[in-house]
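*Asks:* Sharing a structure with you now.
No value in this document is a laboratory result; all are computed from the given coordinates. These numbers come from a predicted model, not from an experiment. Neighbour counts are summed over all protein chains in view; Cβ atoms, including those assigned to glycine, are modelled from backbone coordinates with ideal geometry.
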Amino acid sequence: MPRPPASAIILAGGLASRLGGEKALRALRGRTLLQIALETAAPLCAQRIVACGNRDYELPKGVLTAPDDPAHAGCGPLAGIAAGLALAEHDLVLVLACDLPHVTPDLARALLDALDTADCAWCRHSADEPLLAALRRKPALAAVSAALAAGRNKVMPVWQSLKSLTLMGPALQAFGNPAWLFANVNTPDDLASA
């Protein structure tokens, strides 16, 4: 049976202070990090949403923007996830940070497919905040909203509070070298080596 349609939330609202600002618009091999993330999600998601923080990005036709709720200003990626979930039209939602340019559509598809048995599917690697995940909209929105209301802004505890499946070890390595897949672009050196 085909998978139901999905929405994608591209996280692109961070301060990017270590990169000198505007991370989403940095070019990598002729495309911006934001374009790469949108293209990764395109074959998988009928709806694409850019969680933009307080920025105003020029986006392709049909891509929505989700600014942070002012009540959650400064709350990090969880605020962007909340804004995106509020706009998501579909039950299945892919969350992808724009600074993960090596994530493949196959890996993202595997996470979405895992929602047959879970409310959250995410990858466990070395990152402090796993900003690649697939979520079921309603339970995820409830958990994210509760965390923000309680002043808890970390993503991983929210994922762990849901009925979750974690892709790690050999199952994750089947999609490529995790160090490469999750090579996060945070500094000019990271961008140069990506």
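*Asks:* Among the numbered criteria (1) free of Cβ contacts under 8 Å to residues at least 40 places away in the same chain; (2) more than 15 Å from ALA24 (Cβ to Cβ); (3) surrounded by fewer than 22 Cβ atoms within 10 Å (Cβ to Cβ), which one does ALA133 miss?
*Replies:* Condition not satisfied by ALA133: (3).
*Asks:* One residue is enough: does segment 132-153 have a residue meeting the conditions out of contact with any Leu (no Cβ under 9 Å at 6 or more places or on another chain) and closer than 25 Å to LEU33 by Cα?
*Replies:* no
*Asks:* Follow-up. Can you say whether LEU85 is within 13 Å of the chain's Cα centre (by Cα), within 26 Å of LEU191 (Cα to Cα) and surrounded by 17 or more Cβ atoms within 10 Å (Cβ to Cβ), as far as the supplied structure shows? Can you show your working first?
*Replies:* Working: within 13 Å of the chain's Cα centre (by Cα): yes; within 26 Å of LEU191 (Cα to Cα): no; surrounded by 17 or more Cβ atoms within 10 Å (Cβ to Cβ): yes.
In short, no.
*Asks:* Separate question: What is the one condition in (1) charged (D, E, K, R); (2) under 30 Å from ALA27 (Cα atoms); (3) in contact with a helix residue (DSSP H, G or I) (Cβ under 8 Å, 6 or more places away or on another chain) that ARG109 does not satisfy?
*Replies:* (3)
*Asks:* Same structure again: Identify all residues within segment 157-194 that are aliphatic (A, V, I, L, M) and surrounded by 15 or more Cβ atoms within 10 Å (Cβ to Cβ); write none if there are none. Full working, then the answer.
*Replies:* Of segment 157-194, the ones aliphatic (A, V, I, L, M) are 158, 162, 165, 167-168, 171-172, 174, 179, 181, 183, 185, 191-192, 194.
Listed by number, the residues that qualify are VAL158, LEU162, LEU165, LEU167, LEU172, LEU181, ALA183, VAL185, LEU191, ALA194.
*Asks:* While we're on this one: Among the numbered criteria (1) under 14 Å from VAL185 (Cα atoms); (2) in contact (Cβ under 8 Å) with a residue 24 or more places away in the chain; (3) buried (at least 18 other Cβ atoms within 10 Å of the Cβ), which one does LEU28 miss?
*Replies:* Checking LEU28 against (1) under 14 Å from VAL185 (Cα atoms); (2) in contact (Cβ under 8 Å) with a residue 24 or more places away in the chain; (3) buried (at least 18 other Cβ atoms within 10 Å of the Cβ), the one that fails is (3).
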